[in-house]
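Only one structure is covered here, and it is reproduced in the block below.
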Amino acid sequence: MTVEKNRNNGRSAIGVAALVASCLLAPAARADEAQLRTEIEKLRAEIAEMRAQMKALAEQRKAVPETPTPSPPPPDLAARVDQLEQKATADGLRFGDTTITSYGEIAYSRPTNDVNATSADLVRAVIGFNHNFDARTRAVGEFEWEHAVTSANDPGETAVEQLYVERQFSDHVGGRAGVVLIPLGFLNERHEPTAYYGVFRNFVETSIIPTTWREGGVALYGATDFGLNWNVGVTTGFNLSKWDPTSDEGRASPLGSIHQEMALARARDLSVYASANYQGVPGLTLGGGVFTGGAGQGAENFAAPNARVTLWEVHGRWQPGPFDIQALYARGTISDTEALNLTFVGDPTPVPSSFWGGYLQGAWHAWQHGEYAFDPFLRYSRVNTAASYAPMPEGLGIAPSPTETIWTVGANFYVTPSVVLKVDYQKFKVDATLDRFDLGVGYSF
């Protein structure tokens, strides 16, 4: 949901400071910009049609007063028009041509087998902007702060999650250039706490797909009249020379450990991606995507100069009535790692040649009263961040990791569609020390 303010009131309250701040802020990501624009145009057309009907009825009464009065429009028609107009224009807090957006989340986590490791964290706070230069051209940005404090001695991080300019070339095709989110999975483009179930983002879309994952490059996207949305691009990629065999970071997320995040990113080897989603049937989403590119990046004396990273995923979502059923499978590979892993002999974390994960999730919109809503859910996940390694000489290899199975049960309680309270319990099959009880609160606008 979004919050809309009167343009003149916004200018008088914020003044020059708002104009300066709006250039530094960034928006919550949307799953498909082209689809949103198409929806807005349809809503506006519906508004125009409704108003035309009301005008025609009024003129008919004036022209033929002696004839029986036609049936009046539904009593909620004006309210419906207002609702559609708000939906068509709402996109955060508006100040003229600039929109301010934000989301954030706080979490409490209590391991059931080690209560001394209980923690509370301001997981992230994000502020964004969306500035329209004209009806078809805009700039988008998003800044994120993680773990409350950022310094040399603190665990926090400050990052630019998105920063790009965008042009809508036609009603069905647009383009972007800058730091863009890679459109794989459900969460990488739309990862606000109000958009997913559970206190934390699921393991598949963090360990395998390194959400939030952004690259610098150019992209084309579009939507068809029959419900197919597509997105293709050429971007920067991963840098395998960043791999640290002495750290467990690569075990937690192979691609997350070599993600360059557009910070002086090495770009000799570019990557390409393509994704598509079909939403032509109400309540149904079917899609997938692939990302591939070189990862050697021309590093001097690097043992894997021809390494290539490839990640692909397929997903589906079905929302019949009050139910929400979701599934995703992702698999990644890193090639040309044999010689590189020989230099890591004796270290605990060599480079895997494959890794994968998948989940099946079901949620139920069990109760709603006004804006309050209660949605319990159950998720079954399987993840392996080191499913295989390239062949090594006998006695020097390392065994693949066991596949972890995670059961997550919990609920989202929405105070409004923009504010959510969360609770869940996670049970791990292989490493029971990770079992935990979580509480969280999040917002987005």
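The values are calculated or read from the model by the stated rules, or taken from the named source; none is laboratory data. Because the structure is a prediction, the values reported are computed rather than measured. Neighbour counts run over all protein chains shown; Cβ positions are idealised from the backbone, glycine included. The accessibility values were calculated without ligands, DNA or RNA, using every heavy atom of the protein model including side chains. Shrake-Rupley method; radii C 1.70, N 1.55, O 1.52, S 1.80 Å.
Does the stretch 170-177 include one or more residues that are among the charged types (D, E, K, R) and in contact with a strand residue (DSSP E or B) (Cβ under 9 Å, 6 or more places away or on another chain)? Yes, because at least one residue in the stretch 170-177 is among the charged types (D, E, K, R) and in contact with a strand residue (DSSP E or B) (Cβ under 9 Å, 6 or more places away or on another chain). For the stretch 102-123, a residue qualifies if it is in contact (Cβ under 8 Å) with a residue 60 or more places away in the chain and not β-branched (V, I, T), and the qualifying residues are S102, Y103, G104, E105, A107, Y108, S109, R110, P111, N113, D114. Tell me, which residue of the stretch 325-344 that is in a loop (DSSP other than H, G, I, E, B) and open to solvent by less than 70 Å² (accessible area, probe 1.4 Å) is nearest to L311 (Cα to Cα)? Residue satisfying both the conditions and the ranking: S335. Of all residues in the stretch 345-374, those being closer than 30 Å to L311 by Cβ and either of a type outside the set (V, I, T) or open to solvent by 10 Å² or more (accessible area, probe 1.4 Å) (or both) number 17. Here is a list of conditions, (1) within 27 Å of I334 (Cβ to Cβ); (2) part of a loop (DSSP other than H, G, I, E, B); (3) among the hydroxyl-bearing types (S, T, Y), and S241 meets all of them except one; can you say which number that is? Only one criterion in (1) within 27 Å of I334 (Cβ to Cβ); (2) part of a loop (DSSP other than H, G, I, E, B); (3) among the hydroxyl-bearing types (S, T, Y) is unmet by S241, namely (2).
Taken together, G178, G174 contain a single residue that is more than 11 Å from the chain's Cα centre (by Cα) and open to solvent by less than 10 Å² (accessible area, probe 1.4 Å), which is G174.
I'm trying to understand the selection: among the residues of the stretch 124-153, which are within 24 Å of K422 (Cα to Cα) and either without any contact (Cβ under 8 Å) to a residue 40 or more places away in the chain or open to solvent by 70 Å² or more (accessible area, probe 1.4 Å) (or both)? The answer is R124, A125, W145, E146, H147, A148, V149.
Listed here are the residues, each with its yes/no results for (1) at pLDDT 95 or above; (2) open to solvent by less than 10 Å² (accessible area, probe 1.4 Å); (3) of a type in the set (F, W, Y).
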| residue | (1), (2), (3) |
| --- | --- |
| T224 | yes, no, no |
| F238 | yes, yes, yes |
| W243 | yes, no, yes |
| L264 | yes, no, no |
| A276 | yes, no, no |
| T285 | yes, no, no |
| V290 | yes, no, no |
| A295 | yes, yes, no |
| A304 | yes, yes, no |
